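Take a look at the structure below.
What follows is calculated from the coordinates using simple rules that are stated; it is not laboratory data. It should be emphasised that the depicted structure is a prediction, and the values quoted were computed from it without experimental measurement. For neighbour counting, all protein chains shown are included, and Cβ atoms are generated from backbone atoms with ideal geometry for every residue, glycine included.
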Amino acid sequence: MEGFDINSLISDLALILVLGSIATIVFKMLKQPVVLGYIVAGFLASPHFTLLPSVASEANIEFWAQIGIIVLLFSLGLEFSFKKLIDVGGSAILTALIIVLGMMSLGFIVGRFLGYGFVNSIFLGGMISMSSTTIILKALTDLNMRQRRFVPMTFAVLIVEDLFAVVMMVILSSIALNNSVKGQEMVGSILKLSFFLIMWFTVGIFIIPTMFKRFRRYISDEQMLIIAMGLCFAMVLFSIISGFSAALGAFVMGSILAGTIEAERIERLISSVKDLFGAVFFISVGMMVNPTVMTQHWSVIALLAVVVIVGMIVFGTFGMLATGQPLKLAMESGFSLTQIGEFSFIIATLGTSLGVLDKSIYPIIVAVSVITTFTTPFFIKQAVPCYNALYKILPKSWTRLLNGYSQNANESEMSDTVRLWKSVASRYLVRVIVYSVVIAALIVLCRTYIMPFIISLLGDTALGRLTCVVVSIVIVGPFIISIILPSVKRSEYDKLTKASGSVSFVPFVVMSIISGILCIGFIASIVQGIYPSAIAIVAAVVLAVLALILVSALPTPLRKRVTNIEKRFISNINERENRRTGREHNLVSDLHLAYMTVGHDCPFVGDKLRNLDLRTRYGVNLVNIQRAGKSHPVPSGDMRIFPGDVLGVIATEEQIQRMLPLVEAQHEVEDTSINEIKFVHFAIGDKSPIVGKALENANLRENHGALLVAVQRNEDDYISPTPDLVFRSGDILWIVGDPKQLAPLKG
């Protein structure tokens, strides 16, 4: 291929991976996060470090790094499903808004203080307002903190920030070109983003889980990896064509797949791919370290690094507190956001391409990004100690106020009627938005491709125009009818009217009016352009009335068909949750088949099934155990339960809900350090706490996490441990455990 040097591509990849492996081993030995090792390896491979060979082309590394970002965001999406994003959406939006507005204001003030112009200061504020999802993801993984309670909320904030970044790009472009914000462009950008997100999720959630369920028996691990990565890159391509970032497309596809029962399988399969290309991404960040720039602008870089770290901690913590999160969780989230990353480079590139950004700002931002990336793991680890210190010095009245606010915000009480109204209104709103986006997409499709094709066949005649309208309405019609169909169930309608009397009819009338107006608008948009506006409006009203009549006379089987399509869509969104609770696996009467994963703190772990007597104690029947990819149907009583097992249980919904917290028990791990277990031997002295004690009273396992293998007395006398063995000064213990915990035994 002309202009493509395969030798340099391979040599560059070999160089950075070899340096990366060496650096990460060194950092692992020093008990430091490996992401810091990747950054150091990147600097060693860059042209700025002359003692070692440099990469032949930085474009090669940029290519692999972009793939790394895509795979990392795809992996993040797999862990953060669309349903989770909806559940924490309101809190995440408010928190992200506080962070972005606060950091932009702070960046603008600092920019003006440093002598930058108005536009440069605005761009600087934008560049320091976005934390890096990829860097935080890697740091939390290295620190073994992905299961902590603050992580899902933090990731939700990061994803909302990425969505804000798309709108910010439009605003900054408008400011750069016009020295003002064009509201029309900003609103258009927000609507475009919303349109494509809803369309992607709607089509993806409706089709992909259904295909997985239908062809699951034919998809091996190899095929699943190919399918998953193919879907990922297809969505990335579609996202770029639509004018959005590759990272957004990768995350969207990951979120769609996260709702399927294949999510854990896909996550396991792409783990190695993610680690490989993720390493290249962080090495590429280290390659951007330029000592010359850091020396010339060290004061500015230091100031901005402090602003980013302190600002993110303050605004992140405050944002979480404002949404009702506990102080500890808020501080953990705030301390994890203390860096800037890929979006800072994108905004800097935008300003440079528009010719409005000072040339010195780009390398400064790169240096700040590298410094804050380097410090991120340290601040994440310091969150809990800082919380403990703050908790001690805060007045008790303040802590009671914060705890009370958090509890009230998260435990708001509402009556059954209000809760039912909320459910009906939410369902109606989601239905209207989803169907409206689908209809709008189909109208664009008809006007762009189908209508011109019909006109080319029949000509621009009365018959051709009428055919265009009829075909388009036939295509869009089922979705228009779906909007008109009532979104409330008969049982819900009876409860609401009984509880509130005639007042309950008002919201139903409002919903019907909104649906009718939407139908008239959609039909008019089809007819307009083919016929004059007056005719289009009249035709739209007539057709909408006919649609209402058609809906009222709709046969029960057809009405059920539409309802079943919606149920299938909702089922696909909640597929993993339904499988866990058995809600969609109704067998007979009120019996459900549920699949629940055994947590590390499950009280059944290690016990034989015959000793658990699950049927008598909990009323459930264990019919299957899945372990390490192998299924054990109707397990015997001698089989034990271990963490990670997937239990297939048949029970009522109430029994399943009572069983789930026990089986899935997984407490938050505060200590993220990993004990290093070794087989060692050492002599004990007079001051050893076990000298003179018998083995049964020494509590080696409880106090020191140790297992005694043998005791050596004299040169060749090895004694097997027995409960009545008494330890003597000078005994040599051959023992298994963590050397740090064993040290006090030496005396």
By average Cβ neighbour count within 10 Å, what is the ranking of 147-156, 720-729 from highest down?
147-156, 720-729
Measure of compaction for segment 41-162 (Cα Rg per 2.2 N^0.38 Å)
1.33
Points 7 angstrom from Cα along the Cβ direction at N621 and L114: gap in nanometres?
6.9
³J(HN,Hα) across segment 389-395 via Karplus (A = 6.51, B = -1.76, C = 1.60, θ = phi - 60°), whole Hz, x for Gly/Pro?
5, 5, 4, 6, 9, 5, x
A chain fully extended from N611 to R713 at 0.36 nm per residue, minus the present Cα-Cα distance, gains in nm 32.4 nm
For segment 687-738, place one equal point scatterer on every Cα, skip the solvent, and apply the Debye formula. What is log10 of I(q)/I(0) at q = 0.14, 0.16, 0.20, 0.25 Å⁻¹?
-0.31, -0.41, -0.66, -1.05
Compute the Rg/Rh shape ratio of segment 293-366: radius of gyration over Kirkwood radius, all on alpha-carbon atoms.
1.11
FRET efficiency for S636 and S21 from the Cβ-Cβ distance with R0 = 41 Å, rounded to 0.05, comes out at 0.35
For segment 41-52, Karplus-derived ³J(HN,Hα) couplings (6.51, -1.76, 1.60; θ = phi - 60°; whole Hz; x for glycine and proline) come out as 4, x, 5, 5, 8, 7, x, 6, 10, 8, 7, 10
Assuming R0 = 60 Å, what is the FRET efficiency of E702 and D460, from their Cβ-Cβ distance, to the nearest 0.05?
0.10
Calc'd 3J(HN,Hα), segment 685-690, phi into Karplus 6.51 cos²θ - 1.76 cosθ + 1.60 (θ = phi - 60°), Hz, glycine/Pro = x, comes to x, 4, 8, 5, x, 9
Roughly speaking, what is the stretch gain from R149 to T295, that is 0.36 nm per residue apart minus the C-alpha to C-alpha distance, in nm to one decimal?
48.5 nm
May I have the count of lysine pairs in segment 6-389 with C-alpha atoms under 19 Å apart, counting pairs 8 or more residues apart or located on different chains?
8
Give, rounded to the nearest 20 debye, the magnitude of the charge dipole that segment 51-165 has about its Cα centre when Lys and Arg contribute +1 at Cβ and Asp and Glu contribute -1 at Cβ.
360
With R₀ set to 60 angstrom, the calculated FRET efficiency between the beta-carbons of L429 and A302, to the nearest 0.05, is 0.80
Contour minus Cα-Cα distance for S194 and V474 (0.36 nm per residue):
98.2 nm
Nonlocal amide H pairs with I625, under 5 Å, H built at 1.01 Å:
H632, V634, G648
Hey, quick one: spin label on S11, modelled 7 Å out along Cα-Cβ, who in segment 19-59 has an amide N within reach, i.e. under 12 Å?
53-57
